[in-house]
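Quick notes on the structure that follows.
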Amino acid sequence: NLTLLMAEFRKQLDAYGATQGGKHYYLTAAIGAGSEKIDQTEPAEYSKSMDWVNVMTYDFHGDWDDTTNFHSHLYADPADPTVGVARTYNINDALTKLIANGMPRDKITLGIPYYGRGFGGVSSVNDGLYQKKTRAAGKVGVQTEAGYGDYKALKDAAGVRKYHPVTKQLYLYTTTGDWWSYDDVTTIRLKNDYVKAQGLRGNFSWALDGDDANATLTKTMSEIK
């Protein structure tokens with residue numbers, strides 16, 4: 001159905017463009033990055049109708065889980081206790097699957113979150129990584145849902161910060177016993193390098209209001225040029 005829908009959109013956009021002096025109208029979409037979601041579609045077919053595809057490579061884990069885990073990490077961690085299909089919830093596995101299923105590399109854009117996902121009441125063991133939560137994470141800045149915090153608020157939160165050597169994502173164990181994973185300048189530069197090494201189209205963000213007053217993340221994303 002997604003293949004047919006995109007083909008119909010492309011057909012009608014082209015027909016309308018022909019009435020506007022041959023103008024080309026862009027057709028894009030944001031898609032889920034979960035392996036089981038990709039399995040329900042035909043990447044090789046629906047991508048033919050689209051100019052590019054925004055892959056939502058974030059929200060892999062969050063407050064809906066019982067155990068702390070990364071939400072926008074580049075690579076899988078062999079030490080991750082997750083079982084089943086969720087073990088494939090990472091950027092490299094998602095994009096590798098899309099490409100293997102026929103989506104052209106130059107139509108893929110990688111999503112970068114300007115927010116973090118958090119867990120509350122977490123043990124300090126392993127600085128909170130892969131530990132059970134006992135409550136929702138405390139509020140950080142403007143919060144739209146449990147366990148959600150903008151980068152502009154998280155960057156100033158007190159606690160221990162580490163870059164995971166395998167997954168390549170930043171995580172924070174706060175002084176109040178909360179655990180967060182999110183992106184900053186360092187992790188975005190690694191993702192920029194990944195985009196270029198894989199020959200992908202580029203990157204995109206969700207969402208601009210999560211950046212700080214200096215547009216730190218946006219400026220870092222622009223370094224990909």
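Below is a table of values for the structure above.
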read-out	value
Residues within segment 114-153 that are in a loop (DSSP other than H, G, I, E, B), closer than 15 Å to HIS61 by Cα and open to solvent by 70 Å² or more (accessible area, probe 1.4 Å), tallied	1
Any hit, segment 168-182, residues being closer than 30 Å to SER124 by Cβ, open to solvent by 50 Å² or more (accessible area, probe 1.4 Å), touching a Ser or Thr at 6+ places or on another chain (Cβ under 9 Å) and not small (Gly, Ala, Ser)	yes
ASN203 being open to solvent by 10 Å² or more (accessible area, probe 1.4 Å), closer than 17 Å to ASN92 by Cβ, at pLDDT 95 or above and not in a loop (DSSP other than H, G, I, E, B)	yes
Condition check for ARG135: of a type in the set (Lys, Arg) and more than 19 Å from ASN90 (Cβ to Cβ)	yes
Residue match in segment 122-140 (condition: free of Cβ contacts under 8 Å to residues at least 40 places away in the same chain, hydrophobic (A, V, I, L, M, F, W, C) and more than 29 Å from ILE224 (Cα to Cα))	yes
Those residues of segment 21-60 which are farther than 18 Å from ASN101 by Cβ and either without any contact (Cβ under 8 Å) to a residue 24 or more places away in the chain or in contact with a Ser or Thr (Cβ under 8 Å, 6 or more places away or on another chain) (or both), in sequence order	GLY21, GLY22, LYS23, HIS24, TYR25, LEU27, ASP51, TYR58, ASP59, PHE60
Filter result (in a loop (DSSP other than H, G, I, E, B) and open to solvent by less than 20 Å² (accessible area, probe 1.4 Å)) within segment 24-51	LEU27, ALA33, GLY34, MET50
The listed residue being within 15 Å of ILE112 (Cα to Cα), open to solvent by 80 Å² or more (accessible area, probe 1.4 Å) and either free of Cβ contacts under 8 Å to residues at least 40 places away in the same chain or not in a strand (DSSP E or B) (or both), out of ASP193, ASP156	ASP193
From the options ASN54, ASN69, residue that is out of contact with any Pro (no Cβ under 7 Å at 6 or more places or on another chain), polar (S, T, N, Q), crowded, with 17+ Cβ neighbours inside 10 Å and not in a loop (DSSP other than H, G, I, E, B)	ASN54
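The values are calculated or read from the model by the stated rules, or taken from the named source; none is laboratory data. Note that the structure is a prediction, hence the values are computed from the model and not measured. Ideal geometry is used to build each Cβ from the backbone, glycine not excepted, and the neighbour counts take in all protein chains shown. We work out accessible area using only protein heavy atoms, side chains counted, and drop any ligands, DNA or RNA first. Shrake-Rupley method; radii C 1.70, N 1.55, O 1.52, S 1.80 Å.
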